[in-house]
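Notes follow the structure.
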Amino acid sequence: MFSIDPMSRCPVYEQLVEQVETYVLKGILKAGDQMPSVRSLSLTLSVNPNTVQKAYSELDFRGIIQSVPGKGCFVSKDAFYAIEKKKRSHLNGLKDQIEEMRLAGIEKQELIYLINQIYEAGGKEND
């Protein structure tokens, strides 16, 4: 389920955080699902357990997972909404980027075409 790209410039713990977020958004991980233990995931991915723990701590801080002492980590009931809120906060940055594209001469229809392609491709993934 999880995989690490050792050649990526993105730190391993961030790769794990991003994968968990993606799996929650796609419905692969649902509220209440148990996460793999730190030890088992570190063995599976051949990474230091501290790296997995760092990812889990970040996910817990973001409200995506919650730790239950003695039982493990579980996807929180509000995980989807926590991620959605974070993604919505990026809209202002996107607005600035679109303004820069407009100034650079990129036509509105090019952006609309690209957005439509992305949304259509996303619908096909879930079929």
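Specify which of the listed residues (Lys95, Lys77) is out of contact with any strand residue (DSSP E or B) (no Cβ under 8 Å at 6 or more places or on another chain) and either assigned to a helix (DSSP H, G or I) or modelled with pLDDT under 95 (or both).
Values: Lys77 fails: either assigned to a helix (DSSP H, G or I) or modelled with pLDDT under 95 (or both).
On inspection, the qualifying residue turns out to be Lys95.
From the list Ile65, Ile112, exactly one residue is over 30 Å from Met35 (Cβ atoms) and surrounded by 10 or more Cβ atoms within 10 Å (Cβ to Cβ). Which is it?
Ile112
So in region 13-36, with the set limited to residues that are crowded, with 17+ Cβ neighbours inside 10 Å and more than 13 Å from the chain's Cα centre (by Cα), which one is nearest to Val75 (Cα to Cα)?
For region 13-36, the residue satisfying everything is Met35.
Considering region 1-40 alone, what residues qualify as being within 15 Å of Tyr56 (Cα to Cα) and of a type in the set (D, E, K, R)?
Matches in region 1-40: Glu14, Glu18, Glu21, Asp33, Arg39.
Determine whether Ile98 is closer than 30 Å to Arg62 by Cα, in contact (Cβ under 8 Å) with a residue 12 or more places away in the chain and over 18 Å from the mean Cα position of the chain (by Cα). Walk me through how you get there before you give the answer.
On the way: closer than 30 Å to Arg62 by Cα: yes; in contact (Cβ under 8 Å) with a residue 12 or more places away in the chain: yes; over 18 Å from the mean Cα position of the chain (by Cα): yes.
Yes: the conditions hold for Ile98.
Any chance region 85-98 includes a residue that's touching a helix residue (DSSP H, G or I) at 6+ places or on another chain (Cβ under 8 Å), surrounded by 10 or more Cβ atoms within 10 Å (Cβ to Cβ) and among the aliphatic types (A, V, I, L, M)?
Scanning region 85-98 turns up at least one residue that is touching a helix residue (DSSP H, G or I) at 6+ places or on another chain (Cβ under 8 Å), surrounded by 10 or more Cβ atoms within 10 Å (Cβ to Cβ) and among the aliphatic types (A, V, I, L, M).
Considering region 64-107 alone, what residues qualify as being farther than 15 Å from Glu21 by Cα and touching a Leu at 6+ places or on another chain (Cβ under 6 Å)?
Within region 64-107, no residue meets the criteria.
Take the conditions more than 16 Å from the chain's Cα centre (by Cα) and farther than 27 Å from Val12 by Cβ and apply them to Leu103. Does it pass?
Working: more than 16 Å from the chain's Cα centre (by Cα): yes; farther than 27 Å from Val12 by Cβ: yes.
Yes, satisfied.
Name every residue in region 37-62 that is surrounded by 14 or more Cβ atoms within 10 Å (Cβ to Cβ) and of a type in the set (A, V, I, L, M, F, W, C), in order of residue number.
Answer for region 37-62, where residues must be surrounded by 14 or more Cβ atoms within 10 Å (Cβ to Cβ) and of a type in the set (A, V, I, L, M, F, W, C): Val38, Leu41, Leu45, Val47, Val52, Ala55, Leu59.
The values are calculated or read from the model by the stated rules, or taken from the named source; none is laboratory data. Computed from a prediction, not measured in an experiment: that's the story for all the values here. Virtual Cβ from ideal backbone geometry, glycine too; neighbours counted across all protein chains shown.
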